[in-house]
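Colleague: Once you've had a glance at the structure underneath, I'll fire off some questions.
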Amino acid sequence: MLNEINSGLIIHEIKAIPISFPIAKNNRVQLGIGNSIKNDAVIIKVTTKNGITGWGEAHHGRCPGAIAHLVNTTIKLLIENKNANDIVDIWQKIYHNQIASHGMGTAACLALSGLDLALWDIRGKAIGLPLYKLLGGNKKEVPSYAGGIALGYQEPDQLVEEAKPLIDSGFKALKLRLGQNLKADASRLETVRDYFGDDITLMSDANTAYTLEDVRNIMPILERLNISWLEEPFPPHDYRSYREAKHIGHVPLAAGENHYTRFEFNRLIEDKVVSHLQPDLSKSGGLTEVMRIANLASSWKIPIHPHTSKTALNMAASIHLLSSIDNGGFFEADVSKNNLFRDYLTKEKPYQINDKGMVTALDKPGIGLEVDETFLTEHPVIEGSSYV
Ligand SMILES: [Mg+2]
């Protein structure tokens, strides 16, 4: 029977569909990386000879049309007629041809990530198991934090107003985006800590916009307010600044959402600077690679808190991952207002927060979600960067 299942898993069709929706003016968020004007994602659909459809999400890379084109042309030709179950070989083939040598590095890594998720979805569906079971995990409660609350650009009372319903809905942890006015950030952080008290876990995210001087100035405040981590103070390639920042204070550094493959994570780990790793299943190389990164980090006792991309597919897959590794940390819940990709791309929701701020993995085979294909045609790509 296994042979039969396997022979049916020859890849019949691969299609990448870039999708977008504009963000209403009153819901736009100013970040260190720009003002978000639209949401983008690239959905990967893989169909096998025996009619199984796998779905994955590739991160948009600020140019969703280009990522989709790469999948629909070069990558498609590379893996035509392979068996969808040969995930390691397919990963290695794309790595060898498109990432290891003159082949659009980051874009190829995003494309590969989405494809890899779709192949894992197929594997689960082919034998009728949800991903967490396929990976040897169990249905545990996974702690979750509310990600991306826009600290730096709101009045303190508005910030409390934004965070309060989240705490009321069960969250015990919040991540606040730092702005570029350190003094204002400090007073806002103070307001949040005072209002919600010490039982709530608070993290902070600088979205790569800090200088070493900024870190020197904000660190004593983060320490005093017991902030659990400072995320991405610098761009991912600025290893020197990360090394220097390590010695500035005691708040641990977090990074990884802009690092690609185990090879870049290996450096992050060996530099002994970053204490919390945040690979993204739709960016860092897919589930195949993030499992490797998690295993590498496990031997250094470093926790994995996967960064969340844009769609329900990535979110549900992240919870499967966290249910299947021995060094899983927090799930990053996207609490942005009106994210259609989270709420309407798939027929069911990717997760529910319980009153303890925990989530659990879905039980249907594979990732556990089916894409509404009408949604794809109704939200065609809007070209251009999502941040201006
Ligand atoms: Mg971040």
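Colleague: Could you work out [θ]222 nm for the chain from helices alone, using -39500 (n - 2.57) per DSSP H run of at least four and dividing by all its residues? Round to the nearest 500 deg cm²/dmol.
Modeller: -10500 deg cm²/dmol
Colleague: How large is the convex hull of the C-alpha atoms of the range 226-380 per residue, in Å³?
Modeller: Per-residue hull volume (Cα only) is 136 Å³.
Colleague: Arranged by the count of other C-beta atoms within 10 angstrom, fewest first, what order do CYS109, CYS63 take?
Modeller: CYS63, CYS109
Colleague: To the nearest 0.05, how large is the calculated FRET efficiency for ASP271 and ASN35 if R₀ is 25 Å and r is the Cβ-Cβ distance?
Modeller: 0.20
Colleague: At 10 °C and a viscosity of 1.306 mPa s, what translational diffusion coefficient does Stokes-Einstein give for the range 177-224, taking Rh as the Kirkwood radius over Cα pairs? Give it in µm²/s as a whole number.
Modeller: Diffusion coefficient, whole number: 141 µm²/s.
Colleague: Please report the spacing between the Cα centers of the range 330-388 and the range 175-233 in Å, no decimals.
Modeller: Taking the Cα centre of each part, the range 330-388 and the range 175-233 sit 28 Å apart.
Colleague: Now for a separate question. Can you pull the one-decimal nm distance between simple spin-label points at ASN295 and THR74, each 7 Å off the Cα toward Cβ?
Modeller: The answer from the label model is 2.8 nm.
Colleague: When all C-alpha to C-alpha distances in the range 1-141 are sorted into bins of 10 Å, what percent of pairs does each bin hold, rounded to whole numbers?
Modeller: Each 10 Å bin holds this share of Cα pairs: 12, 37, 29, 18, 4, 0.
Colleague: Still on this structure: Starting from the Cα gyration tensor of the chain, take the square roots of the eigenvalues, sort them a ≥ b ≥ c, and report rounded, prolate or oblate (rounded when a/c is under 1.5, otherwise prolate if a/b is larger than b/c, else oblate).
Modeller: Note, shape of the chain comes out prolate.
Colleague: If you average 1/r over every pair of different alpha-carbon atoms in the range 206-302 and take one over that average, what Kirkwood value in Å do you get?
Modeller: In the range 206-302 this quantity evaluates to 13.6 Å.
Colleague: Within a Cβ distance under 13 Å of GLU141, other residues only, what is the Lys/Arg minus Asp/Glu net charge?
Modeller: My count for the surroundings of GLU141 gives +3.
Colleague: Where is the GNM fluctuation largest for the chain (alpha-carbon springs, 10 angstrom cutoff): ASP199, ASP355, ASP121?
Modeller: Comparing ASP199, ASP355, ASP121 in the GNM, the peak value goes to ASP199.
Colleague: Can I ask one more? How big is the dipole moment of the chain about its Cα centre under a simple scheme where the beta carbon of each Lys and Arg is +1, that of each Asp and Glu is -1, and everything else is neutral? Debye, nearest 20, please.
Modeller: Approximately 540 debye in magnitude.
Colleague: Please list, in order, the residues from the range 240-264 whose amide nitrogen is less than 20 Å from a point placed 7 Å along the Cα→Cβ vector of ARG224.
Modeller: 248-252
Colleague: Further question: Please find the FRET efficiency linking GLU190 to GLU141, where r is the Cβ-Cβ separation and R0 is fixed at 45 Å, and quote it to the nearest 0.05.
Modeller: Efficiency for this residue pair is about 0.90.
Colleague: Let me ask another. What is the antiparallel percent of DSSP beta bridges lying wholly in the range 132-371, to the nearest 5?
Modeller: 15 percent
Colleague: Can you list which of the trypsin sites (Lys or Arg not before Pro) found in the range 254-298 are DSSP loop residues with at most 12 other C-beta atoms within 10 Å?
Modeller: Sparse-neighbourhood loop trypsin sites (Lys or Arg not before Pro): LYS272.
Colleague: I need the P(r) histogram for the range 95-249: all alpha carbon pairs, bin width 5 Å from 0 out to the longest distance, whole percents.
Modeller: 2, 8, 14, 14, 12, 12, 13, 12, 9, 4, 1, 0
Colleague: Roughly how many nanometres apart are two label points built 7 Å out from the Cα toward the Cβ at ASN354 and LEU129?
Modeller: Taking the two extended label points, one gets 2.3 nm.
Colleague: OK, next. Given a 10 angstrom Cα cut-off, can you work out which residue in PRO236, PRO64, PRO130 is the most mobile in a GNM of the chain?
Modeller: Its mean-square fluctuation being the largest, the pick is PRO236.
Colleague: Could you put LEU313, LEU296 in order, starting from the residue whose Cβ has the fewest other Cβ atoms within 10 Å?
Modeller: LEU296, LEU313
Since every read-out is calculated from the coordinates, none of them should be taken as a lab result. On a predicted model such as this, the values are computed, not experimentally measured, just so you know. When we count neighbours, we look across all protein chains shown, and the Cβ atoms used for this are built from the backbone with ideal geometry, even at glycine.
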